[in-house]
Amino acid sequence: MGLDEAPHQGGQIEVRRSNRRRRTVSAYRDGDKTVVLIPAQMTRAEEKQWVDKMLARLAGQEKKRRPDDGELSRRARDLSARYFDSRAQPSSVRWVTNQQARWGSCTPVDGTIRISDRVRGMPEYVLDYVLLHELAHLLVPSHGPRFWELMSVYPKTERARGFLEGFASAGGGEAGDDAD
């Protein structure tokens, strides 16, 4: 297996050739590096075509998982309608880059919700949990029993909390048990 590394926009590309791999090509992100796995017998021209194709595919997948502020607001409204009978109505929902110890925050007085940029790219059920957590704070400001009763309507609450705890434990952040 050989390794080739070349710079690209957003980090390095590492191409790993495998004698066992016959036809399949795959790619994944590893921090700032993109790893592309290809068959060993592939020519340099084929390699370049596949690397370009896999970079485009990864970018498309990531764009789909990283909604902008408008999409984030629409998602919050949809979640409020689905789980809270549209009772939680934020005045704004936006991504922020200055939250390193929280997944999200809510100011019930003015109805603003801010979601940490670190949540971008996480699975949709995790983003939905963080949004629902902050939406619930528009109805119940504290983390008391009424708050958790509201959150119990989301079927993936425990799974999402486990994901966030694991992410934080793996060095992805300092946030604790709660979204905020």
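The values are calculated or read from the model by the stated rules, or taken from the named source; none is laboratory data. Quantities reported herein were computed from a predicted structural model and do not represent experimental measurements. When we count neighbours, we look across all protein chains shown, and the Cβ atoms used for this are built from the backbone with ideal geometry, even at glycine. Heads up: the accessible areas ignore ligands, DNA and RNA and are worked out on the full protein's heavy atoms, side chains in. Shrake-Rupley method; radii C 1.70, N 1.55, O 1.52, S 1.80 Å.
For this structure, a couple of remarks:
- So Y129, is it surrounded by fewer than 17 Cβ atoms within 10 Å (Cβ to Cβ) and at pLDDT 90 or above: no
- For the stretch 82-106, filtering for residues that are part of a loop (DSSP other than H, G, I, E, B) and either in contact (Cβ under 8 Å) with a residue 24 or more places away in the chain or within 16 Å of the chain's Cα centre (by Cα) (or both) leaves 10.
- Inclusion of L79 among residues that are in a helix (DSSP H, G or I) and touching a Lys or Arg at 6+ places or on another chain (Cβ under 8 Å) is not warranted.
- Comparison of R94, R118 shows that the only residue that is at pLDDT below 90, open to solvent by 30 Å² or more (accessible area, probe 1.4 Å) and not polar (S, T, N, Q) is R118.
For (1) in a helix (DSSP H, G or I); (2) at positive phi; (3) of a type in the set (A, V, I, L, M); (4) open to solvent by 80 Å² or more (accessible area, probe 1.4 Å), each residue gets a yes or a no:
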| residue | (1), (2), (3), (4) |
| --- | --- |
| I13 | no, no, yes, no |
| R17 | no, no, no, no |
| R20 | no, no, no, yes |
| T24 | no, no, no, yes |
| V35 | no, no, yes, no |
| I38 | no, no, yes, no |
| Q41 | no, no, no, yes |
| K48 | yes, no, no, yes |
| D52 | yes, no, no, no |
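- Filtered residues of the stretch 111-133 (kept if in a helix (DSSP H, G or I) and more than 14 Å from R87 (Cβ to Cβ)): D117, R118, V119, E124, Y125, V126, L127, D128, Y129, V130, L131, H133
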